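K.L.:
My questions will all concern the structure given below.
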Amino acid sequence: MTLALQTRDLARSFDIGRRLIGPPRARLHAVRPISIQVQQGETLGIVGESGCGKSTLARMLVGLVAPSAGSIEIEGRLLDRADPAAFGRLIQYVFQDPVSSLNPRKTIRQILAAPLRHLRGLRGRELDARIAELFAAVSLRSDFLSRYPHEFSGGQAQRIGIARALAASPRILVLDEPVSALDVSVQAQVLNLLADLKAKLGLTYLFISHDLAVVEAVSDRIAVLYFGALVESGPAHKVFATPRHPYTKLLALSAPVVGRPLGGAQSGELPDPLNPPPGCAFAGRCPHATEICRREMPALRAIEGDQHAACHHPLAP
Amino acid sequence: MRLFLQLLFRNRLAGFGAVVLGVIVVLAVLTPILPLHPPNETNTANRFLRPLSEGHWLGTDHLGRDLMSRLMWGTRLSLAVGFAAALFAGLAGAAIGVLAGYFGGRIDNVTMRGIDMLMAFPYILLALAIVAVLGPGLMNALIAVAVVNIPFFARNIRGVTAGIVHREFVDAARLSGMGNARILWSEVLPNVVPVIVIAMSTTIGWMILETAGLSFLGLGSQPPQADLGSMLGEARSALITAPHTSIVPGAMILLIVMSVNLLGDGVRDALDPRLRSGAPSRPEATTRVERATAPEATESGLLRLDRLETQFRIGKRVYRAVNGVSLNLSPGECVGLIGESGSGKSVTALSVMGLVASPPGVITGGAVRLDGQDLIGAPYEMLRALRGRRVAYIFQDPLSTLHPLYRIGDQLAEAITAHQPVGRAAARARAVRLLEDVRIPNPAARARAFPHELSGGMRQRVGIAMALANDPDIIIADEPTTALDVTVQAQVLALLDELRRSRGLAILFITHDFGVVSQLCDRVAVMYGGRVVEEGPTTDLLAAPAHPYTRRLIACVPELGGGRRRLAAIPGLPPAVDDLPPGCAFAPRCERAQDACRAGEIALAGKVRKVRCLFPETTP
């Protein structure tokens, strides 16, 4: 298998309270150095709660946000400058809110034509043929092309968003919460469509979501983010079934499952991002935390086989 | 465009302004070919002729020039200068605003501080200074007026642009390989143009006044050229002896500015998307009720909804959001109401206390009985006494339900004093106790916090505390955990469950999540297309759903621990409630549907397990 995507110590911090001259008042580490590898044709699920840095990570991967450190390699090619146009032919992005990601004053045809024109240089008949092909791929009727975004339901708009992301024939799709704005019955349609497209076009997916069950259903491997750092990664069937990091366990217990009593109701919240603790960010909420957890940040290490966790006291299966 | 004109003329005043301005503009355009005296022809023998004199309808001025002719030529000039200044200021200001808003950062900072400096001068002083530097003359007055107005446009447009730049479709355009110039031109600008047009249409009148002001001071048009301002200026010395020389140009200025402003307001209203769907109106304090007869009371219970019907009437369309929903809530019971968006679950909940916004909402039938007393059509005072006191609500987004400018302790105290005759100090003490009850750490200090200082989970706890403030019997929770993270959701659900057991609360819990329902609710009702399609004890219903919709909805939700798999999607879309099919609303998506399903009304059958289906999956 070949590597589709690899990041090395990819990190991003934001300056808070920037002044006209001089250093900023504070610095917020949205994403701490993260190294991930995604194989060709694989789906990597990325889960985490709000504020864990998953959206910033996604936006760095497609070049919308410049990383403050680290590198991104796609199919062995180093992409070091944040330029969405350079990234666009290799990696594309599907937005969470399908309706607000479509310009309300453009027709669907104009929206789909943009990446084809600017990234692939298609014109005239070639362009029309490709648009028709894309529209068929996401199973929408071609008479929708001359309509405006507000005429579509969420599920249809998300299909259009997927068609746009596929337009430039990228190798990788970053799906940032692609179904969380949709109703459950429509959600399943879109997830199945994504699975079909992946099989047909040989795509690689990075599937970001806060919904553990959805991530588990679509992913080969899962990475868990907490407070801007990777705390656990491993095969999808193992991560939530036998979590090694206490945070992953808390997540798995908190998810409402039919027939399981209320659980995981553990108090505590994220640490203050402007004043992060020196050790493990989860130590404040962790039942197993000891002295070393509050002092030293644990590094990500292999626990068993392909399952990695950043914890001083990993859980037994 | 037709819609725009329709909306514009729906506003009578704007239509009047458009007609008046139209007449004035047409006359001004036609001035050179109208049979008028030359405007600058002096005849001192005939000075100060009164209006309606022979050959001079509006009389003459101090040099015996025909006022009618000067008025028309002056109007022509003033209008041209006003429009030109507005256009110039609008374009220059919009360009600055769009660039500053789009690029942000340093560029924004520097240009906006420059604009601020321009704004720091009183506008007339600034205009005078510009004219003083450039020298008097109509062109220079135009430049002065335009420059003075640039900041208004720049600030306005910058704000709008900054809002658009952070929208996702701009990121999408960037990912489509577009450069900055192209994004500005084809993505940002089309969304800013309506704002520019609105700003221009509301400021043209102002510009005409300002140029007239400069001409009045002798800094604009130079004699003998006439514009409305200079006519006024020249007539000033004869204000008492020959008032018509001032009244004529003055009245014209009044007409122009008034019609421009009326039209401008109309244009703004017609272009504003918020006002497009109809005239903005404040919702009434309770939902409007148009009910023929109330259904007979059957059994008593804490809260009984009986064949409740709520509609939204927008234009000619009628959205039947709730179609005969019957529900029963006993003391201490938690009932889940589950459904997708548009199924009518939230409208059902809001109808209970008459909280559906009217217009467009109307309750058209059914009854809601609290302890046997019908609340539909109850007087506002009675509903107000019950809202929060006996039936309290918890909403989805605590950030938008808490007032951003008041401390949460004060907001809680207000909720208490609204129903109970307690003093300020006592109410505050209770507020702190309530925060403690919902497990907010350090409640005394947190009571002094503003909503934005709390995390989402903490805010929702405040929302729950507020619902508990008056010890209600019933809490209606409308997706209270949907906006929260899973770990926080688990905390909030555990809290709700504990409170309900310790206080004997009845909860109507609205959600779209079967997992949450199964963990919290005793009974559950499933809604589709404004109707309850299935109802029953939670465990039974989830284990063996009888309605095909329930079964397939459960099947298409992935469940943790299920592993990687293909989901069983339901093809098609939920029905539009303004166009419900006869019979079962799910029939078009249902594989078990037969002709009988599409024929007529299907009853909700059963005693404990109820199902609205002719061919149920299991016989309950």
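K.L.:
Given the Cα-Cα distance of B:Phe9 and B:Val29 and 0.36 nm per residue of separation, how much length would full extension add, in nm?
P.N.:
My answer for the length gained is 4.8 nm.
K.L.:
If you take the beta carbon distance between A:Ser180 and A:Leu28 as r and set R0 to 35 Å, what does 1/(1 + (r/R0)^6) give as a FRET efficiency, to the nearest 0.05?
P.N.:
Between A:Ser180 and A:Leu28 the formula returns 0.90.
K.L.:
Further, regarding this structure: Counting DSSP beta bridges with both partners in chain B, what percentage is antiparallel, nearest 5?
P.N.:
60 percent
K.L.:
Still on this structure: HN-Hα J couplings of region B:531-536 from phi, Karplus 6.51/-1.76/1.60, θ = phi - 60°, integer Hz, Gly and Pro as x?
P.N.:
Result, ordered by residue: 10, 7, 9, 7, 8, x Hz.
K.L.:
With a point put 7 Å past each Cα toward its Cβ, work out how far B:Asp595 is from B:Phe83 in nm, to one decimal.
P.N.:
Placing both labels 7 Å beyond Cα along the Cβ direction yields 6.8 nm.
K.L.:
Please give the FRET efficiency for A:Ala136 paired with A:His237, using the beta carbon to beta carbon distance and R0 = 35 Å, rounded to the nearest 0.05.
P.N.:
0.55
K.L.:
Specify the angular offset, from 0 to 90 degrees and rounded to the nearest 10, of the alpha carbon long axis of helix B:138-165 from the longest principal axis of the alpha carbons in chain B.
P.N.:
10 degrees
K.L.:
May I pose another question? What is the average number of partner chain Cβ atoms found within 10 Å of a Cβ in B:490-497?
P.N.:
That works out to 5 on average.
K.L.:
Counting Lys and Arg as +1 and Asp and Glu as -1, each charge on the Cβ, what is the dipole of region A:176-269 about the Cα centre in debye, to the nearest 20?
P.N.:
Dipole size: approximately 360 debye.
K.L.:
Then there's this: Taking the dipole about the Cα centre of the protein assembly as shown, with the C-beta of Lys and Arg at +1 and of Asp and Glu at -1, give me whichever of A:Ser219, B:Leu305, B:Cys556 is farthest to the positive side.
P.N.:
A:Ser219
K.L.:
What does the average come to when, for each residue of peptide A:99-108, you count the partner chain Cβ atoms lying within 10 Å of its Cβ?
P.N.:
5
K.L.:
Using Cα pairs under 8 angstrom and six or more residues apart, how large is the relative contact order of chain A, in percent?
P.N.:
19 percent
K.L.:
Can you give the average number of partner chain beta-carbon atoms within 10 Å of each beta-carbon in peptide B:449-457, as a whole number?
P.N.:
So the per-residue partner count for this stretch is 1.
K.L.:
OK, next. Based on the Cβ-Cβ distance from B:Ala445 to B:Val19, what FRET efficiency comes out when R0 is 51 Å, to the nearest 0.05?
P.N.:
0.20
K.L.:
If the only charges are +1 at each Lys and Arg Cβ and -1 at each Asp and Glu Cβ, what is the size of the charge dipole of region A:222-317 around the Cα centre, to the nearest 20 debye?
P.N.:
So the dipole magnitude of region A:222-317 works out to roughly 180 debye.
K.L.:
When only C-alpha pairs under 8 Å and at least 6 residues apart count, what is the relative contact order of region A:36-219, in percent?
P.N.:
Relative contact order for region A:36-219 comes out at 34 percent.
K.L.:
Would you please name the GluC sites (Glu not before Pro) within region B:546-620 that are DSSP coil residues with at most 15 other C-beta atoms within 10 Å of their C-beta?
P.N.:
Answer in residue order: B:Glu591, B:Glu601.
K.L.:
Name the shape class, rounded, prolate or oblate, that the alpha-carbon gyration tensor gives for chain B, where a ≥ b ≥ c are the square roots of its eigenvalues, rounded holds for a/c under 1.5, and otherwise prolate holds if a/b is larger than b/c and oblate otherwise.
P.N.:
Verdict is prolate for chain B.
K.L.:
Points 7 angstrom from Cα along the Cβ direction at B:Val197 and A:Gln39: gap in nanometres?
P.N.:
If labels sit at B:Val197 and A:Gln39, their model points lie 5.7 nm apart.
K.L.:
Still on this structure, I have one more. Can you compute the charge dipole magnitude of chain B about its Cα centre, using +1 on each Lys and Arg Cβ and -1 on each Asp and Glu Cβ, nothing else charged? Give it in debye, rounded to the nearest 20.
P.N.:
Using Cβ point charges on Lys, Arg, Asp and Glu, chain B gives about 340 debye.
K.L.:
If you don't mind, another one. What length, rounded to one decimal in nm, is gained on full extension from B:Ser455 through to B:Ala294, with 0.36 nm per residue of separation minus their alpha-carbon distance?
P.N.:
That pair, B:Ser455 and B:Ala294, stretches by 53.5 nm at full extension.
K.L.:
Hey, rough spin-label estimate for B:Asp522 and A:Ala69, points 7 angstrom out along Cα→Cβ, what's it come to in nanometres?
P.N.:
Going from the B:Asp522 label point to the A:Ala69 one covers 5.7 nm.
K.L.:
Quick check on region B:526-620: take the gyration tensor over C-alpha atoms, sort the square-rooted eigenvalues as a ≥ b ≥ c, and tell me if it's rounded (a/c under 1.5), prolate or oblate.
P.N.:
oblate
K.L.:
Please give the net charge around B:Trp73, taking every other residue with its beta carbon less than 15 angstrom from that of B:Trp73, where Lys and Arg add +1 and Asp and Glu add -1.
P.N.:
Neighbourhood net charge equals -2.
K.L.:
For B:Phe48 and B:Ile124, calculate 0.36 nm times their separation in residues minus their Cα-Cα distance, and state this gained length in nm to one decimal.
P.N.:
24.2 nm
Just so you know, all these numbers are worked out from the coordinates, no wet-lab data involved. Just so it is clear, the model here is predicted, and its values are computed rather than measured. A quick note on method: Cβ atoms are made from the backbone with ideal geometry, for glycine too, and the neighbour counts reach across all protein chains shown.
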